[in-house]
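Accompanying notes for the structure given below.
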Amino acid sequence: MQNQLLKFEASESFTKDADAQDSLKHFRENFYIPKQSNGKDAIYLTGNSLGLQPKTTRAYIEQELKDWETFGVEGHTKAKNPWMPYHEFLTEQMARVVGAKPPETVVMNSLTVNLHLLLVSFYRPTAKRHKIVIEAGAFPSDQYAVASQIKFHGFDVENSLIELKPRESETCLRTEDIEKTIAENGESIALILLGGVNYYTGQAFDMRRIAEIGHKVGAVVGFDLAHAAGNLELYLHDWNVDFAAWCSYKYLNSGPGGVAGCFVHERHSENFDLPRFAGWWGHDKETRFLMNSEFVPIKGAEGWQLSNPPIFQMAALKASLDIFEEAGMRTLREKSKKLTGYLEFLLGEIHDEHISVITPSNPSERGCQLSIRVQNANKDLFKAISRRGVVADWREPDVIRVAPVPLYNSFADVHKFAQILKNCLA
Ligand SMILES: *Cc1c(COP(=O)(O)O)cnc(C)c1O
């Protein structure tokens, strides 16, 4: 956000000052920045796709390798960070990232797996109430998951899936239109599942409001926070969201295939009548090793766990969560608004009709990502900026996504990117 201290200018001297005044600037040193072939740092703007590696990650994983080497199976209890309760070491920090209470939060599996597990419990269609509301153009994995759940219950996608579409000639959804669709379909809606931030447009939804209007018609409201966790300030508990799932390898820097997050609101924590797909790690900890045949779920989100967790992936996530803990989501978000505001300002200064930003210009309706629509779907522009050291991504049919991440991107990165883009357009 532009403020008196920070009157944006398209100059290197401005970026120097802005970076010097940035209270989070030292965090960049905690990450490995990929290099270009000329040895210079790449201009890495894809933390929304795969976050960078914290320099501490290796030591966290090596600790577990070492304890495995030393203790073998006894590492479950004797490791420095005993593997038996290992996932618990991540719970509080992860809960803070998404604004949840610790018992509402668990780190487990991967994102799409968690969505399915949560849908098993929270999508219980009846002849009258069977519809699921999603964004048109939701991330494919979410579309597949939802469609397969509808079919699994014997319904058909044509009648049971509602896709929220933007108005003609608009690219983002209006809350009032979401509200209208929900009101119109009323009690036929079983579930609303939206992205916290749409992966394509970068639009952040008003999750509190959507939870409220969904509950008004008696629907369950869940969010996929793949592009929101570690990006926005979230208050899942206070917003009364029923459930949520998110991956940790995007903004949360846990590495490829990192272990995912899961939120279940506390009002469901002791609802053991909910159907669920069970596994031994969700079983009451006191009696888990009695190996009884009757499943007794743990209260809260932990009760949705299936398997004993992947310790090396968890270690990598712990390294990153320790950094988030130190930086704090509020401070990160403050910088993020400035950084993305600066990017938007510089894109505006380019004045070229070949590009337009489709992400909302209101900072409260977006995270750090801006999606740049390229006229005539000209992918050559993307190839040209890539050759010049920019790591961004191209999303079919016609968008370049760029996400300056407050933990490791600088105002200088944003300025260099805008310069390169301008030169490539010229
Ligand atoms: C990244 C992303 C996924 C990926 O799912 P995985 O199960 O982690 O492979 C799913 N949904 C959304 C909205 C995403 O942004």
### Task
Could you grab me the full set of residues in the range 102-144 that are of a type in the set (Val, Ile, Thr) and in contact with a His (Cβ under 7 Å, 6 or more places away or on another chain)?
106, 107
### Query
How many residues does the range 149-173 contain that are surrounded by 13 or more Cβ atoms within 10 Å (Cβ to Cβ) and not hydrophobic (A, V, I, L, M, F, W, C)?
7
#### Entry: Flag for residue 239 being surrounded by fewer than 24 Cβ atoms within 10 Å (Cβ to Cβ), outside any loop (DSSP other than H, G, I, E, B), among the aromatic types (Phe, Trp, Tyr) and at pLDDT 95 or above
no
### Summary
Within the range 127-168, the count of residues that are away from the ligand (no atom under 16 Å from the Cβ), assigned to a helix (DSSP H, G or I) and in contact (Cβ under 8 Å) with a residue 40 or more places away in the chain comes to 0
### Query
Only one residue in 260, 278, 315, 327 is within 30 Å of residue 415 (Cα to Cα) and either more than 16 Å from the ligand (Cβ to nearest atom) or under 23 Å from the mean Cα position of the chain (by Cα) (or both). Which one?
327
#### Entry: the range 345-403 - residue that is out of contact with any Pro (no Cβ under 8 Å at 6 or more places or on another chain) and among the basic types (Lys, Arg) and, of those, nearest to residue 417 (Cα to Cα)
388
### Task
Please specify each residue of the range 109-126 satisfying the condition of being at negative phi and not in a helix (DSSP H, G or I).
110, 123, 124, 125, 126
### Message
Checking residue 73 against (1) surrounded by 14 or more Cβ atoms within 10 Å (Cβ to Cβ); (2) more than 24 Å from residue 334 (Cα to Cα): exactly one of these is not met. Which one?
### Response
(1)
### Message
Regarding the range 183-194, can at least one residue be identified that is within 17 Å of the chain's Cα centre (by Cα) and either part of a helix (DSSP H, G or I) or closer than 26 Å to residue 403 by Cβ (or both)?
### Response
yes
### Query
Can you tell which of 334, 325, 353, 344 is at pLDDT below 95 and either in a loop (DSSP other than H, G, I, E, B) or surrounded by 13 or more Cβ atoms within 10 Å (Cβ to Cβ) (or both)?
353
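Report whether or not residue 179 is surrounded by 15 or more Cβ atoms within 10 Å (Cβ to Cβ), at pLDDT 95 or above and part of a helix (DSSP H, G or I).
It is true that residue 179 is surrounded by 15 or more Cβ atoms within 10 Å (Cβ to Cβ), at pLDDT 95 or above and part of a helix (DSSP H, G or I).
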### Query
Does the range 237-253 contain any residue that is more than 16 Å from the ligand (Cβ to nearest atom), assigned by TED's automatic domain parsing to the domain that holds residue 180 and closer than 25 Å to residue 318 by Cβ?
yes
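The values are calculated or read from the model by the stated rules, or taken from the named source; none is laboratory data. This is a predicted model, so every value here is computed, not measured. Glycine gets a Cβ as well: all are built from the backbone with ideal geometry, and neighbour counts include every protein chain shown.
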